[in-house]
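Undergrad: Below: one structure in structure tokens.
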Amino acid sequence: MATAVTQAQQDSTGGSAKSGAGISIIIFSSLMLFSMFFGAGNLIFPPMLGVQSGENFWPAILGFVGSGVVLPVLAIIAIAISGNSVRDLAARGGAIFGLVFSLLAYLSIGAFYALPRTAAVSFETAITPILGFEGTAANWIFCLIFFGIALALAWRPTTIMDTLGRILTPALTILLIILVVSAITNFEPQTLTAAEEYSESAFTSGLLEGYLTMDSIAGLAFGIVIISTLRTKGFAEGGQLVRGTITTGIIAGAFLAAIYIGLGYIGQTLPGAADHDSGAAILSAAAESALGTPGQIIWAFIVLLACLTTAVGLISSTSEFFATLTPQMGYRVWAVIFTVVSLVLAAQGLDFVLDIAVPIIIFLYPPAITLIILTLLEPVFGGKVNFFFTFRIGLWTAVVWSAFMVAVSQGVEGLESIIGWTPLHAVDLGWVLPVLIAVIIGLIMDISKPRQAPEQARLRQEAVRGA
């Protein structure tokens, strides 16, 4: 997505930076970032959370916003402060960590999860409710058509992404607002009983549900796109560019939070919402109830286009990244590979995609969150402490603990006694305390060692990135 969006911006401005740093540029960039974040999963999770959280809706939705909005915005801010790409930023944990983490991050927002999810959600939301097509054969046919179009559009990214984005984002936003307002004005709050996980720990359950959007990891990839966009629009290097990127992230995050709360509220107020087994079905029913059959058709069409353009962007950005790692294969070879893999996974259905994604999410989030927080924490020391051991010990502790958590979740015996002692282990947050201890140890080591001269620090970072 980074390649397509950046190229579109350059095409529309002629690569010039003459437009200045006005408020309108920030607003446009915020809407662009919102559209990049707001994909398939962002539609389906909040409505179901609204139903399952019952009387504990507010702590649950605030937890969801915490991991689905606050963490992605912090990721944008981390990229803005560092000015680095995902790989460069992750390299602060060492060359191996920088390479492996960036690979898994792009795969998770690409062929292993987010990309096949675009087709799976499109089929469940835009095809089955309207046309009545369902079953394995229909799903395969749809996925073939869907990814065929996506690959064709991604084959040579042009201003079509910019054109679709300008049309799609306002249309989708307007329809979402109509649905939310309709739910508030036309539907009465339903009496719902919280599901077991939300009755015991609503905030934590909402937090974990927000992980499934993958936006925290996507934020690390999208941050550099926003920086490039603002730079081409005339934002000066340094403080102005950093402030513009941070402001863009905050505005986009506020918009996301409002939409999430509204979608969750639909699950709380739609009559019979508890009878549906997915967020896609809830929104489809809400569209028909609020706007009638034409509204449902329009909603399905917009969702289909939203998922399609998201798929084009994901094919483009992930293929471009892997092409830089293996120039001999090239962009188009990777585009075909990721499209075929995503097609096969999507054709198995949304539940299958989620089953594959959960172990990846469990593994990636602890090191991703640690990386984001440490990047934001280092400037607090005013340049007096270089976070060398802090990054390495903290990140690798997160990696090891994440690996154990994944192994336990997959039924590997003998590890539960090793990691089960930590607080919040029961809700998949047991990694927090060990990582905190590791960070403190690394910080003490960094504070106690002689501070490197700026030139020495720069040479060390270049050596790490080049390794």
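Undergrad: For Leu308, state whether it is under 23 Å from the mean Cα position of the chain (by Cα) and open to solvent by 30 Å² or more (accessible area, probe 1.4 Å).
TA: So Leu308 does not fit the description; no.
Undergrad: With out of contact with any Ser or Thr (no Cβ under 6 Å at 6 or more places or on another chain) and within 21 Å of Phe101 (Cα to Cα) as the only criterion, which of Phe389, Phe381 stands out?
TA: The unique qualifying residue is Phe389.
Undergrad: Can you report the number of residues in segment 191-201 which are in contact with a helix residue (DSSP H, G or I) (Cβ under 7 Å, 6 or more places away or on another chain) and assigned to a loop (DSSP other than H, G, I, E, B)?
TA: Adding up the residues that qualify gives 5.
Undergrad: Within segment 142-154, can one find any residue that is without any contact (Cβ under 8 Å) to a residue 60 or more places away in the chain and either crowded, with 23+ Cβ neighbours inside 10 Å or closer than 15 Å to Gln348 by Cβ (or both)?
TA: yes
Undergrad: Can you pull out every residue in segment 205-215 that is at pLDDT below 90 and out of contact with any Ser or Thr (no Cβ under 7 Å at 6 or more places or on another chain)?
TA: Listed by number, the residues that qualify are Leu208, Glu209, Leu212, Thr213, Asp215.
Undergrad: If you check Val399 against the conditions, is it open to solvent by 10 Å² or more (accessible area, probe 1.4 Å), within 30 Å of Val427 (Cβ to Cβ), under 24 Å from the mean Cα position of the chain (by Cα) and at pLDDT 90 or above?
TA: Answer is yes for this residue.
Undergrad: Test Val341 against the criterion of being open to solvent by 40 Å² or more (accessible area, probe 1.4 Å), at pLDDT 90 or above and of a type outside the set (Asp, Glu), and give yes or no.
TA: Considered against the rule, which asks whether it is open to solvent by 40 Å² or more (accessible area, probe 1.4 Å), at pLDDT 90 or above and of a type outside the set (Asp, Glu), Val341 comes out as yes.
Undergrad: Related question: Which numbered condition trips up Asn56, out of (1) closer than 24 Å to Ile259 by Cα; (2) free of Cβ contacts under 8 Å to residues at least 24 places away in the same chain?
TA: So the condition that Asn56 fails would be (2).
Undergrad: Might you check whether a residue that is part of a helix (DSSP H, G or I), open to solvent by 40 Å² or more (accessible area, probe 1.4 Å) and farther than 25 Å from Ala75 by Cβ occurs anywhere in segment 355-370?
TA: Yes, that holds for at least one residue.
Undergrad: Now a separate question. Kindly provide the set of residues from segment 48-104 that are polar (S, T, N, Q) and assigned to a helix (DSSP H, G or I), ordered by number.
TA: Hits for segment 48-104 are Gln52, Ser53, Asn56, Ser67, Ser82, Ser102.
Undergrad: Continuing with the same structure: Within segment 202-219, take every residue that is in a helix (DSSP H, G or I) and aliphatic (A, V, I, L, M) and give me the one that is surrounded by the fewest Cβ atoms within 10 Å (Cβ to Cβ).
TA: Checking each candidate, the answer is Leu208.
Undergrad: Taking interchain pairs and intrachain pairs at least six residues apart, which have beta carbon atoms under 6 angstrom, with the first residue in segment 237-249 and more than 16 Å from Leu71 (Cβ to Cβ) and the second buried (at least 19 other Cβ atoms within 10 Å of the Cβ) and among the small types (Gly, Ala, Ser)?
TA: Val242/Ala80; Thr245/Ala80; Thr248/Ser29; Thr248/Ser30
Undergrad: Something else now. Tally up the residues in segment 226-250 that are among the aliphatic types (A, V, I, L, M) and in contact with a Leu (Cβ under 8 Å, 6 or more places away or on another chain), please.
TA: 4
Undergrad: Let me ask you something else. Criterion first (among the polar types (S, T, N, Q), in a helix (DSSP H, G or I) and closer than 16 Å to Leu104 by Cβ) does Thr390 satisfy it?
TA: The answer is no for Thr390.
Undergrad: Same structure again: Taking the criterion of being within 21 Å of the chain's Cα centre (by Cα) and hydrophobic (A, V, I, L, M, F, W, C), would at least one residue in segment 285-297 satisfy it?
TA: For segment 285-297, residues within 21 Å of the chain's Cα centre (by Cα) and hydrophobic (A, V, I, L, M, F, W, C): absent.
Undergrad: If you don't mind, another one. Since Phe187 meets every condition but one in (1) of a type outside the set (Ser, Thr, Tyr); (2) under 30 Å from Pro294 (Cα atoms); (3) open to solvent by 40 Å² or more (accessible area, probe 1.4 Å), which condition does it not meet?
TA: If we test Phe187 against (1) of a type outside the set (Ser, Thr, Tyr); (2) under 30 Å from Pro294 (Cα atoms); (3) open to solvent by 40 Å² or more (accessible area, probe 1.4 Å), just (3) comes out false.
Undergrad: Does any residue of segment 70-78 turn out to be touching a Pro at 6+ places or on another chain (Cβ under 8 Å) and either small (Gly, Ala, Ser) or touching a residue at least 40 places away in the same chain (Cβ under 8 Å) (or both)?
TA: For segment 70-78, residues touching a Pro at 6+ places or on another chain (Cβ under 8 Å) and either small (Gly, Ala, Ser) or touching a residue at least 40 places away in the same chain (Cβ under 8 Å) (or both): absent.
Undergrad: Next up: Which number in (1) open to solvent by 10 Å² or more (accessible area, probe 1.4 Å); (2) at pLDDT below 90; (3) of a type outside the set (D, E, K, R) marks the one condition that Val225 misses?
TA: Every listed condition holds for Val225 apart from (1).
Undergrad: A follow-up question, please. Restricting attention to segment 250-278, which residues are in contact with a helix residue (DSSP H, G or I) (Cβ under 8 Å, 6 or more places away or on another chain), not in a helix (DSSP H, G or I) and not small (Gly, Ala, Ser)?
TA: Leu270, Pro271, His276
Undergrad: Also, I was wondering about something else. Only residues that are β-branched (Val, Ile, Thr) and touching a residue at least 40 places away in the same chain (Cβ under 8 Å): list them for segment 345-389, please.
TA: Those that are β-branched (Val, Ile, Thr) and touching a residue at least 40 places away in the same chain (Cβ under 8 Å): Val353, Ile356, Val358, Ile360, Ile361, Ile362, Ile369, Thr370, Ile372, Ile373, Thr375, Val385.
Undergrad: Oh, and also: Quick check on my filter: what residues within segment 107-127 are farther than 20 Å from Asp355 by Cβ and either of a type in the set (Val, Ile, Thr) or at pLDDT 90 or above (or both)?
TA: The answer is Ile127, and nothing else.
The values are calculated or read from the model by the stated rules, or taken from the named source; none is laboratory data. Because the structure is a prediction, the values reported are computed rather than measured. For neighbour counting, all protein chains shown are included, and Cβ atoms are generated from backbone atoms with ideal geometry for every residue, glycine included. Keep in mind that these areas ignore ligands, DNA and RNA; they rest on the heavy atoms of the full protein, side chains included. Shrake-Rupley method; radii C 1.70, N 1.55, O 1.52, S 1.80 Å.
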